[in-house]
Structures are given as structure tokens and as C-alpha cells.
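None of the figures in this text is laboratory data; all of them are computed from the coordinates on show. No experiment lies behind these values; they were computed from the predicted model shown. Heads up, the Cβs are rebuilt from the backbone with ideal geometry, glycines too, and the neighbour counts pull from every protein chain shown.
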Amino acid sequence: MKIGIDKMGFATSQYVLQMNDLAQRRGVDPDKFSKGLLLNALSIAPITDDIITLGASAADSVLTEEDRAAIDMVIVATESSIDQSKAAAVYVHNLLGIQPFARSVEMKEACYSATAALDYARLHIEKHPQSKVLVIAADIAKYGIGTPGESTQGAGSIAMLISAEPHILELNDNTLAQTRDIMDFWRPNYSTTPFVNGMYSTKQYLDMLKTTWTEYQKRFGTSLADFSAFCFHLPFPKLALKGFNKIMDKSLPTDLQEKLKENFDKSILYSQQIGNIYTGSLFLGLLSLLENSQNLVAGDKIAFFSYGSGAVAEIFTGKLVNGFRDYLQPSRLEALKERTVLSVADYEKLFFEEAELDEKGNATFTDYKTGPFALKEICDHQRIYGKSND
Ligand code: CAA
């Protein structure tokens, strides 16, 4: 049975910070961001747009009534949790009107967990071929004003509907994960922003890529020559480019090397305008590739490198399905230009605003721009979500 990604939805915030503005304000050469990190802009989420609203928006953009009746599992993969107990998936299940007899859970391992969620979904469909699983990767990457990570923030979500006989990508069951107990990036419960050993994290990312890919090729008798594209976790596109150069096999025919590089360049286009969306960024790379590359055809194989700090990495692969383009949108690069540009001063206020709760646990918010869903208020310590125009 073929199992894989049937539909893909995407959402990001309605506000954007231009890297050139940030560079100027921080006294940094703009080339450091545009060439050193390969980033042009970062999506900035206001307090009323969080993993619930972004995740629900991404899924709502692609789900039909039939899908909502068939989904029996909702998984939200995130490291920007809004609650230590209640799963984000429960809120999302309600906002999307999914039938009640469904399992809803949240998964965590830094930027990696959506990959584990995909595998869980695949195994579930294998046992229950009629059902569909909604996997949502949603995050807000927030490092803090003036920190080294500030230039690699971002906000957004990717939703993937996993089913039998999928319309976009068939998942291969040859996957290989690697775990290393390291402190490259972590966020204790008492902190709203992560602690980061930045340079160390980039070295670990690249070493986990090299060692996992070497073992993957050995175990499954495959090589780069079998693939048309390689998608990477994208904390910032320049690191993925270093990863791409690391796995490139210079003995491959020049036209294949060129095709792989062309597809790599297409896979980073959305991230260059959005920044890091943690769990979703690998899949944002896939969406960017599929909606912008002209050279892919059904049957082409794509390899994926997933990396979550802490750290867990995984290599998995998939094959494009006949008619996959019919289930995608044309390039979203123009639509991304419609976000409201923030000054650095406004970004500093908007991105780092915290709820001001009164003694009864109530808070109200400014009516910021969001997608179809918004956090309306906090009432008696309960987060109240709804349609943004209600
Ligand atoms: N013109 C052109 N390039 C310039 C330049 C200029 N004027 N000035 C600097 N650069 C280049 C540098 O040479 C460097 O490129 P190379 O690595 O190719 O040499 C690049 O710009 C970055 O400059 P720095 O080395 O000075 O590094 P930085 O201060 O910008 O910090 C970082 C980089 C440590 C990664 C920081 O952005 C950070 O901490 N980010 C958060 C952590 C992160 O994303 N880690 C990635 C792995 S962990 C992971 O993947 C999980 C996750 O999502 C967080």
C-alpha cells in the first residue's frame, strides 16, 4: 500500500521584519544576513497568533469536509507549546471541526518531532487504510533582542494530511534516526527564549548529517545518484547549503549535480522570506521545492534530513506521485510580499509582548492582523480562540 503526504497547507504571520532594517539598526553589514545566512526577511507573530492559530490556519487552507470526517488522529509537533498539560492538537481539532472520535496529541523533540509524527501517522494508516492523519508542525522561533540568534527567528506552520494513495509524496519506510545527548540548544520551562551554543549547534547539525547519511546509504544500498532533490532542516538557509555541499558527490554526472543544486536553491526560497519555523522548516523546504521547481516529475525521489537540537536527526525519503502539481499552489513568493513590514522598534514591541493577566487570570489584546484564526482573550487562565473576524 502507498502511504504518504496527500495534501500540504502552510500559514505564516501577517507581519514581516526585513533583514536589511535589522542589520542597519544593529550596526551589522547587511551582507552578513543576506550572504552569510542567506536570509532576506523574518515572519513576526503578534501575541494573538500562536501555534494554535498558525497550525489551524495551515490545515484549514487544504482540508475538505470529507477530510474532516475521515481524520482520526491529529498530531501537533512543536517546541513553542502554550500549555504544559493540554495538547495543542486538542484546540486545533476543535477549531477545524474534525469528527470527535479522534486521537489528539502533541509531540516534542526540538525541530525534529514532526518527522517522528509522520512515521507514527504512516504506521497508523498501514493498520487503518481508510483513515487520515493530520500532522501539523507549528512554531514561533524567538531568541531575543540583540542575541546572536535574533537574525534567525521566524513564525509559521506546515500541515500535512497523511493517507493511503496520497496525491503528493509517497513515503518510503526506510528511515534512519540518530540520537546524541548534547546541549546545543534547549529551553528550560522557566525561560521564554532558548539557551543556545550557536557555533556548536551548527557543527553538530553538520556532523549528524554526515554520519546519518553515510550509515543510511550503507544500510539501504542507496546513494545521492538515486535522488532528484535533498531537503534539509532549515534553521537558516546557509547552514543547509553547507550541508548540501557536504553530501554532494563530485563524481556524479554534471547535469545531476546541477539539477540537485537547482532544486536545493528552490527549496530555500520560502525560508529566505520567513526565517526559522523550527519543526516545520524541513517541510517548508519541501513545499518551496515543489511549488517552485520546474524540473521535477512523478517518480522522482527526494531525500530529507531532519534535525532537532538536543539532538535527534533522521534521514527519510519519498517519491513524487503522478499529478502532484495539481495538489499544490503556484509559488507563494508574491503572496509573502503582502505581509505588513514592521520597523525594528515595532518588531521589538510586537514579537516580545507578554499577556498582562489581572488577578482573576484575564487578559485582552490589541486586534492585530492574523490569518483565519486568532487568540481572542485569556479568560480565567483559559486561552480563548476563534475566527479572527468574529
Ligand atoms: N558579508 C558576508 N558574510 C558575512 C559577513 C559579511 N559582512 N559577516 C559575516 N559573514 C558570514 C560569516 O562568515 C558566517 O558565514 P560562514 O559560516 O559561511 O563563515 C555567517 O555570516 C554567520 O556569521 P557568524 O559566524 O559571525 O555567526 P553569527 O553571529 O551570525 O551567528 C549562529 C550564527 C551562531 C548560527 C546564530 O545565528 C545562532 O545562534 N542561531 C541560532 C542557532 C541555530 O540556528 N543553530 C543551527 C543548528 S541547531 C538547529 O538546527 C535547530 C534549530 O532550528 C535551532
Checklist line | Listed residue pairs exceeding 28 Å between alpha carbons, taken from K35/K376; K238/K337; K108/K376; K266/K337; K132/K261 | finding: K35/K376; K132/K261
Checklist line | Under Karplus coefficients 6.51, -1.76 and 1.60, residue-wise ³J(HN,Hα) of segment 127-137 in Hz, glycine/proline x | finding: 7, 10, x, 7, 8, 10, 10, 9, 10, 10, 10
Item checked: Share, in percent, of DSSP beta bridges within the chain that are antiparallel, nearest 5 -> 75 percent
Check: Taking the Cα-to-Cβ direction at R26 and at K246 and moving 7 Å from each Cα, how far apart do the two end points lie in nm?
Finding: 2.3 nm
Next item on the list: Name the shape class, rounded, prolate or oblate, that the alpha-carbon gyration tensor gives for segment 49-136, where a ≥ b ≥ c are the square roots of its eigenvalues, rounded holds for a/c under 1.5, and otherwise prolate holds if a/b is larger than b/c and oblate otherwise.
Entry: oblate
Note to self: I need the calculated FRET efficiency for the pair D390 and N295, taking r as the beta carbon distance and R₀ as 45 Å, to the nearest 0.05.
What the structure shows: 0.50
Check: Which semi-axes, in whole Å and largest first, does the equivalent ellipsoid of the chain have when worked out from the alpha carbon gyration tensor as the square roots of 5 times its eigenvalues?
Finding: 31, 26, 19
Notebook entry, point to check: Quick one: what do you get for segment 171-324 if you divide its Cα Rg by 2.2 N^0.38 Å?
Noted result: 1.04
Check: For segment 171-324, what is the relative contact order in percent, using Cα pairs closer than 8 Å and at least 6 residues apart in sequence?
Finding: 34 percent
Check: So, in nm, how far is label S223 from label E348 when the simple model puts each one 7 Å beyond its Cα toward the Cβ?
Finding: 5.4 nm
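Could you tell me the calculated FRET efficiency between S34 and M1, based on Cβ-Cβ distance and R0 = 56 angstrom, to the nearest 0.05?
0.80
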Check: Residue by residue, what Karplus-based ³J(HN,Hα) values in Hz, rounded to whole numbers, does segment 267-274 have, using 6.51, -1.76 and 1.60 with θ = phi - 60° and x for Gly and Pro?
Finding: 6, 9, 4, 5, 4, 4, 9, 10
Notebook entry, point to check: Rounded to the nearest 20 Debye, what is the dipole magnitude of segment 171-324 about its Cα centre when Lys and Arg each give +1 and Asp and Glu each give -1 at the C-beta?
Noted result: 280 debye
Next item on the list: Using only alpha carbon pairs under 8 Å that are at least six residues apart, calculate the relative contact order of the chain and give it in whole percent.
Entry: 25 percent
Margin query: Within 10 Å of each candidate Cβ there may be at most 11 other Cβ atoms; applying that plus a DSSP loop requirement, which GluC sites (Glu not before Pro) in segment 323-370 survive?
Written below: E338, E354, E356, E359
Next item on the list: Using a cut-off of 13 Å between beta-carbons, work out the net charge of the residues near A70 (Lys and Arg +1, Asp and Glu -1, A70 not included).
Entry: -3
